[in-house]
Amino acid sequence: MSLATITTLYAAFSRLDGDAMAACHAEAARFTDEVFTLQGRQQPGGLWRMLCGATGAKAPADWKLETSGISEQGGRGRAHRKAHCRFSATGRLVHHVIEAEFEFDKAGLIPRPIDRFDFWRWARQALGTPRLLLGWASFLRAK
């Protein structure tokens, strides 16, 4: 059942459906990545809806999601994903590589998603080297 949840999550992400992504999370979910720590289903759901909405509205032709290494064992899951998109704030193309880990509850929902990625690699792509060198990255990461 939890393997189906990962598949459902990424199928929804592929079609930019933030509501369906939010539904994969448990009510008391705690999402973490290199930038965010989000509590409850509503906060990660809001992040997914914002990302999907911005991508769908501004640059849907640049959107592509690739997933691999999806696995589940003993209530935990893993996946590798590559998102190709345009960062809406700068218009720059980004190839975002993420290693995801999941815990699952008895209903197969995700209470503990963790995304890991190279923040500096993402920031160089999204912001460009001049902005990165001017301190945008430390400001952005603090946000």
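A search for C-beta distances below 7 Å between a residue of segment 32-49 that is over 19 Å from HIS96 (Cβ atoms) and any residue that is basic (Lys, Arg) and at pLDDT 95 or above, counting only pairs 6+ apart in sequence or on different chains, returns GLN39/ARG30. Regarding segment 103-115, can at least one residue be identified that is at pLDDT below 90 and open to solvent by 60 Å² or more (accessible area, probe 1.4 Å)? For segment 103-115, residues at pLDDT below 90 and open to solvent by 60 Å² or more (accessible area, probe 1.4 Å): absent.
Taking the criterion of being touching a Gly at 6+ places or on another chain (Cβ under 7 Å), open to solvent by 50 Å² or more (accessible area, probe 1.4 Å) and part of a helix (DSSP H, G or I), would at least one residue in segment 34-50 satisfy it? Within segment 34-50 (the criterion being touching a Gly at 6+ places or on another chain (Cβ under 7 Å), open to solvent by 50 Å² or more (accessible area, probe 1.4 Å) and part of a helix (DSSP H, G or I)), the answer is yes, since at least one residue qualifies.
Checking each residue in segment 61-70 for being open to solvent by 50 Å² or more (accessible area, probe 1.4 Å) and either part of a strand (DSSP E or B) or over 12 Å from LEU93 (Cα atoms) (or both) picks out LYS64, GLU66, THR67, SER68, GLY69, ILE70.
From the list ALA22, ALA29, which residue is under 12 Å from the mean Cα position of the chain (by Cα), buried (at least 18 other Cβ atoms within 10 Å of the Cβ) and at pLDDT 95 or above?
Numbers: ALA29 fails: under 12 Å from the mean Cα position of the chain (by Cα).
After ruling out the rest, the residue left standing is ALA22.
The values are calculated or read from the model by the stated rules, or taken from the named source; none is laboratory data. Keep in mind the model is a prediction, meaning the values are calculated, not measured. With ideal geometry, Cβ positions are generated from the backbone for all residues, glycine too; neighbour counts draw on all protein chains shown. The protein model used for the area step is the full one, side chains on, heavy atoms only, and it has no ligands, DNA or RNA in it. Shrake-Rupley method; radii C 1.70, N 1.55, O 1.52, S 1.80 Å.
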